[in-house]
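One structure coming up, written as structure tokens, with questions to follow.
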Amino acid sequence: MNALCFLLFALLPGGDSLTLEQCYEEALRTHPYQEQIRTYEDIAGLKIRNLNARYFPELYLSAQGTYQSQVMELPIAVPGFSVPKPLKASYQASLLVNQLIYDFGQTSKQKSLENAQKDYELQSAQVEIYKVRQAVNNAYFSVLILQEKEKSLKLLEEEVSEKFKSVQTKVLNGTALPSSRDILEAELIRIRQNLTEIRVQMKSALQTLGELINRTPDASTRLAVPVVDTRIKESIVRKRPEYGAFELSRNRLNRTMSLNNTKYLPRISGFAQVSYAKPGLNYFNDAFREYYMIGIIASWNFWNWNTNNREKDILRLQEKLVDTQEKYFTQNLNIAVYGLASEIEKLEELIKMDQEIIALRKKITQQVSSQLDNGVITSTEYLTELNAEHQAVLAMEIHKIQMIQAKVNYRTTIGE
């Protein structure tokens, strides 16, 4: 994704960092279908070699022995001369060589079809591989949101800890009730509970991401927040690999139709046969003899009971199915894109309102903090407003991540 650039942030000392682009590269490189692509290429190569072998001589070795109840006799009698009779038993061993001379392009068309089939299979594999990008998006942004929650809780923990120390001093000096200190201490324990829960969830999310990219990120791994410049397009650009698969499917059907047109054309072959038989070509000689024959054969299945036309109709109907599938895919793609565009617009508005809420919440928190220091309010009231401020800040940060995710999902959906 050339339009994507990435900003590393919040790197922990000694921790690794990952970008979304790196995750894409690893997930695509290690996808199980990459091995399947190599298998498709190997299969196609073997099929082409077999088709090339059609132009090599075909060798057949045969042997047979027969006995027949009656043989041909000459209906003449010559005085003083015995007319020989053919043998009723015969034996023959033969080597037959067939050589294809011309098949009116059938083999060439078959190789073209095999290449078209290979291209379609490879593109279909790319379609499946592309789907991993969405899975990476989901796992990646799940981790980002959890890291933001962890960051927010740590900041809240620091603020409550500072206030706890201040109240603890006042309790020791007798200017504050112990209950104020206990309320703050209980809040610290609750925050640490939430941190524990977040870290367990993050470990699970990192394991999911690690499975997709074939590496093992840990809790110290920080994910970079992508900076995406996305412009909403009014029409879908046909960049998804599915469109390539649709086009190659049509190409495969066209090649099949072209091959079918050659199936019923003549074939010309030459042959040579060497035999050792009793009798040989002379049926009246009862000794084992060698002989050979050479010749040429032309065959033509000129009448196929309209089979070829029906096969063409089937292929045209299959092409209509491909057109329907493409239209259905485009319709669903448009629905998804419109939904993501609306989501981006909504989040942009929410972030503007988040900023207004945070400004107000910060003022309130500053006031109640001063009031707690002066003993005007209780720790519970202070914590209520402090938590409200942190929730507002967290909500805005999550909305920012969600907006980036929506933009990334938009680009993924349209194939950029």
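Would it be correct to say that Tyr283 is over 42 Å from the mean Cα position of the chain (by Cα) and modelled with pLDDT of 90 or more?
For Tyr283, the condition - over 42 Å from the mean Cα position of the chain (by Cα) and modelled with pLDDT of 90 or more - is not met.
Let me spell it out: the conditions are (1) touching a strand residue (DSSP E or B) at 6+ places or on another chain (Cβ under 7 Å); (2) more than 23 Å from Tyr276 (Cβ to Cβ), and Ser94 meets all of them except one. Which number is the exception?
(2)
For residues in the range 370-379 being surrounded by fewer than 17 Cβ atoms within 10 Å (Cβ to Cβ) and hydroxyl-bearing (Ser, Thr, Tyr), which is nearest to Val393 (Cα to Cα)?
Ser370
What's the number of the condition Ala176 fails, among (1) at pLDDT 90 or above; (2) under 29 Å from Gln366 (Cβ atoms)?
It fails just one condition, (1).
Assess whether Thr175 counts as being of a type in the set (Val, Ile, Thr), part of a loop (DSSP other than H, G, I, E, B) and in contact (Cβ under 8 Å) with a residue 24 or more places away in the chain.
yes
Is it fair to say Gly244 is more than 29 Å from the chain's Cα centre (by Cα), farther than 18 Å from Tyr24 by Cα and of a type in the set (Gly, Ala, Ser)?
no
Still on this structure, I have one more. Name the pairs: first residue in the range 381-400 and surrounded by fewer than 17 Cβ atoms within 10 Å (Cβ to Cβ), second residue basic (Lys, Arg) and part of a helix (DSSP H, G or I), Cβ to Cβ under 6 Å, at least 6 apart or on different chains?
Close Cβ pairs (under 6 Å, with a partner that is basic (Lys, Arg) and part of a helix (DSSP H, G or I)) amount to Ala388/Arg361.
Condition first: of a type in the set (Gly, Ala, Ser) and modelled with pLDDT of 90 or more. Now tell me which residues in the range 180-205 satisfy that.
Ala186, Ser204, Ala205
Hey, another quick one. Working only within the range 189-235, note down all residues that are of a type in the set (Val, Ile, Thr), farther than 24 Å from Glu25 by Cβ and either surrounded by fewer than 16 Cβ atoms within 10 Å (Cβ to Cβ) or without any contact (Cβ under 8 Å) to a residue 40 or more places away in the chain (or both).
Listed by number, the residues that qualify are Ile189, Ile191, Thr196, Val200, Ile232.
Also: Among what's in the range 206-238 and is in a loop (DSSP other than H, G, I, E, B) and of a type in the set (D, E, K, R), pick the residue that is modelled with the lowest pLDDT. Write out each step before concluding.
So the first thing to find is which residues in the range 206-238 are in a loop (DSSP other than H, G, I, E, B), and the list is 214-221, 224, 229-238.
Still in the list and also of a type in the set (D, E, K, R): 215, 218, 229, 231, 233-234, 238.
Details: Arg215: 85, Asp218: 76, Asp229: 76, Arg231: 72, Lys233: 66, Glu234: 59, Arg238: 80.
For the range 206-238, the residue satisfying everything is Glu234.
Also: Go through the range 322-371 and report how many residues are farther than 21 Å from Val408 by Cβ and either in contact with a Lys or Arg (Cβ under 7 Å, 6 or more places away or on another chain) or among the polar types (S, T, N, Q) (or both).
The total comes to 12.
Also, I was wondering about something else. I'd like the full set of residues that are assigned to a strand (DSSP E or B) and more than 19 Å from Phe288 (Cβ to Cβ), limited to the range 87-109. First the steps, then the outcome.
Let us first name the residues in the range 87-109 that are assigned to a strand (DSSP E or B), namely 89-102.
Listed by number, the residues that qualify are Val97, Asn98, Gln99, Leu100, Ile101, Tyr102.
Output the residues belonging to the range 129-161 that are of a type in the set (Gly, Ala, Ser), more than 25 Å from the chain's Cα centre (by Cα) and surrounded by 19 or more Cβ atoms within 10 Å (Cβ to Cβ).
Of everything in the range 129-161, just one residue is of a type in the set (Gly, Ala, Ser), more than 25 Å from the chain's Cα centre (by Cα) and surrounded by 19 or more Cβ atoms within 10 Å (Cβ to Cβ), namely Ser152.
Among the numbered criteria (1) surrounded by fewer than 15 Cβ atoms within 10 Å (Cβ to Cβ); (2) touching a strand residue (DSSP E or B) at 6+ places or on another chain (Cβ under 9 Å), which one does Glu41 miss?
Going through (1) surrounded by fewer than 15 Cβ atoms within 10 Å (Cβ to Cβ); (2) touching a strand residue (DSSP E or B) at 6+ places or on another chain (Cβ under 9 Å) one by one, Glu41 breaks only (2).
Right, something else. Conditions first: (1) in a helix (DSSP H, G or I); (2) free of Cβ contacts under 8 Å to residues at least 24 places away in the same chain. Glu41 passes all but one, so which condition is the exception?
Answer for Glu41: the failing condition is (2).
Is one or more of the residues making up the range 98-121 touching a Phe, Trp or Tyr at 6+ places or on another chain (Cβ under 8 Å) and farther than 30 Å from Val274 by Cβ?
yes
Inspect all residues belonging to the range 139-161 and state whether any of them is of a type in the set (Phe, Trp, Tyr) and either within 24 Å of Tyr382 (Cα to Cα) or at pLDDT below 90 (or both).
no
State which residue is farthest from Arg231 (Cα to Cα) when the search covers only the range 326-354 and only residues that are among the aromatic types (Phe, Trp, Tyr) and under 21 Å from the mean Cα position of the chain (by Cα). Don't jump to the end; show me each part of the working.
Taking the range 326-354 first, the residues among the aromatic types (Phe, Trp, Tyr) are 328-329, 338.
Retained after the next criterion (residues that are under 21 Å from the mean Cα position of the chain (by Cα)): 328-329.
Values: Tyr328: 25, Phe329: 22 Å.
Looking at residues that are among the aromatic types (Phe, Trp, Tyr) and under 21 Å from the mean Cα position of the chain (by Cα), I get Tyr328.
Kindly indicate which of Val337, Val322 is among the aliphatic types (A, V, I, L, M), at pLDDT below 95 and over 26 Å from Leu177 (Cα atoms).
Val337
Which of the residues that make up the range 261-307 are surrounded by 14 or more Cβ atoms within 10 Å (Cβ to Cβ), in contact with a helix residue (DSSP H, G or I) (Cβ under 9 Å, 6 or more places away or on another chain) and in a loop (DSSP other than H, G, I, E, B)?
Tyr264, Leu265
The values are calculated or read from the model by the stated rules, or taken from the named source; none is laboratory data. What you see is a predicted model; the values in this text were computed from it and never measured. FYI the Cβ positions are ideal-geometry reconstructions off the backbone, even for glycines, and counts take in every protein chain you see.
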